[in-house]
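Student: Sharing a structure below in structure tokens format, with a few things to ask.
The values are calculated or read from the model by the stated rules, or taken from the named source; none is laboratory data. Note that the structure is predicted; figures quoted are calculated from it, not measured. Note: ideal-geometry Cβ built from the backbone for every residue, glycine included; neighbour counts use all protein chains shown. Accessible surface is based on the protein model in full, side chains and every heavy atom, while ligands, DNA and RNA are left aside. Shrake-Rupley method; radii C 1.70, N 1.55, O 1.52, S 1.80 Å.
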Amino acid sequence: KQEVTQIPAALSVPEGENLVLNCSFTDSAIYNLQWFRQDPGKGLTSLLLIQSSQREQTSGRLNASLDKSSGRSTLYIAASQPGDSATYLCATFPIQGAQKLVFGQGTRLTINP
Amino acid sequence: GAVVSQHPSWVICKSGTSVKIECRSLDFQATTMFWYRQFPKQSLMLMATSNEGSKATYEQGVEKDKFLINHASLTLSTLTVTSAHPEDSSFYICSARDPGLGPYEQYFGPGTRLTVT
């Protein structure tokens, strides 16, 4: 059974810093891995989706990497801004078992002005 | 493209009443829809998966008679919380999948905040 873990649970950094959020998963047999952003009381916004054959995806100041062999993904945020404050969730779509996304618990990110 | 809407965005109901939440795919046909609930500061918990025209598949521990799911068309799924109680207060999020857009991709709605008084 796939398990997805995100560490740390919460992170607070000053504005302007580059930062990395971590996501690990136990089963490397996945179709894809996706990073989402969730603002308080809101739904999910998809940030980046990495197919299993890809190593990374980039969108603006965001870069997500995928290393299936080690069961890890990272989300790199460059030049952080207060507007980046949100909860970031990663989720994998495992090949084995039920066809459904498996979510991590999320990292609550706070960017301090 | 690939927009999913939910209605209402928030609802308050009295204990013992039923409330219906709608999930619509606006610009694609959702052969499969998913319903999640989320408690404060926790991740999403999958409640059930529904395929158009067939009965929903519920996750372990989710009461199918309490959370009625109907996926009658390719663009609409509904979740009805029957005989709601305060412990049913939560944030409910739906998502939808269209194999034509990517077989392993899901698009999420904005969520519905349910408060039972």
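Student: When the label point is put 7 Å from the Cα of B:Ser9 along its Cα-to-beta-carbon vector, which residues of the range B:82-97 have a backbone N closer than 20 Å?
Tutor: What the label zone holds, given the 20 Å backbone N cut-off, is B:90-96.
Student: About the Cα centre of the range B:19-76, how large is the charge dipole given +1 on each Lys and Arg Cβ and -1 on each Asp and Glu Cβ? Please answer in debye to the nearest 20.
Tutor: For this selection, approximately 180 debye.
Student: With every protein chain left in place, what is the accessible area of B:Thr117 in Å² (1.4 Å probe, nearest 10)?
Tutor: Estimated to the nearest 10 Å², B:Thr117 gives 90 Å².
Student: Given a 1.4 angstrom probe, what's the average accessible area per residue across chain B, in square angstrom?
Tutor: 48 Å²
Student: Rounded to the nearest Å, what's the spacing between the alpha carbon centres of the range B:37-102 and the range A:34-113? Just the number, please.
Tutor: Measuring centre to centre over Cα atoms gives 23 Å.
Student: Under the definition of partner shielding as Cβ atoms of other protein chains within 10 Å of a residue Cβ, what is the mean value for peptide B:106-116?
Tutor: Across the residues of B:106-116, the mean count of other-chain Cβ atoms within 10 Å is 3.
Student: Compute all pairwise cysteine Cβ distances in the protein assembly as shown, then list the cysteines with no distance under 4.7 Å to another cysteine.
Tutor: Result for the protein assembly as shown is B:Cys13, no neighbouring Cys Cβ within the cutoff.
Student: Counting only other chains, and only Cβ atoms inside 10 Å, what mean value do you get across the residues of A:97-103?
Tutor: Per residue, the average neighbour count from other chains is 5.
Student: If I model a spin label as a point 7 Å beyond the Cα along the Cα-Cβ vector, how far apart are those points for A:Ser69 and A:Asn18 in nm?
Tutor: A separation of 2.4 nm, rounded to one decimal place.
Student: On to the next question. Can you give the accessible area per residue of chain A, in Å², using a 1.4 Å probe?
Tutor: Per-residue accessible area for chain A comes out at 47 Å².
Student: Also, quick follow-up: Within 10 Å, Cβ to Cβ, of B:Val116, how many net charges do the neighbouring residues add up to if Lys/Arg are +1 and Asp/Glu are -1?
Tutor: -1
Student: Which net charge results for the neighbourhood of A:Asn63, defined as the other residues with beta-carbon distances under 12 angstrom from its beta-carbon, given Lys and Arg at +1 and Asp and Glu at -1?
Tutor: Local net charge: +1.
Student: I'd like the interface area for chains A and B: accessible area of each alone minus the complex, both sides summed, 1.4 Å probe, protein heavy atoms only. What is it in Å² to the nearest 100?
Tutor: So the total buried area for this chain pair works out to about 1500 Å².
Student: Just the accessible area for A:Ile30, please: 1.4 Å probe, Å², rounded to the nearest 10?
Tutor: Spelled out: A:Ile30, probe radius 1.4 Å, area about 0 Å².
Student: Counting only protein heavy atoms, probe 1.4 Å: which residues of the range B:41-65 lose 20 Å² or more of accessible surface in the full assembly compared with their chain by itself?
Tutor: B:Lys41, B:Ser43, B:Leu44, B:Leu46, B:Glu59
Student: Measure off, as a whole percent, the carbon and sulfur share of the 1.4 Å-probe accessible area of the protein assembly as shown, all protein chains present.
Tutor: 50 percent
Student: Tell me the label-point distance for the pair B:Thr117, B:Leu74, using the 7 Å Cα-to-Cβ offset, in nm and rounded to one decimal.
Tutor: A separation of 4.2 nm, rounded to one decimal place.
Student: Hey, another quick one. Quote the accessible area belonging to A:Tyr31 in square angstrom, nearest 10, computed with a 1.4 Å probe and with ligands, DNA and RNA left uncounted.
Tutor: Its heavy atoms expose roughly 60 Å² to the probe.
Student: Sticking with this structure for a sec: Local charge sum around A:Tyr76 (other residues, Cβ-Cβ under 10 Å, Lys/Arg +1, Asp/Glu -1)?
Tutor: Net charge around A:Tyr76: 0.
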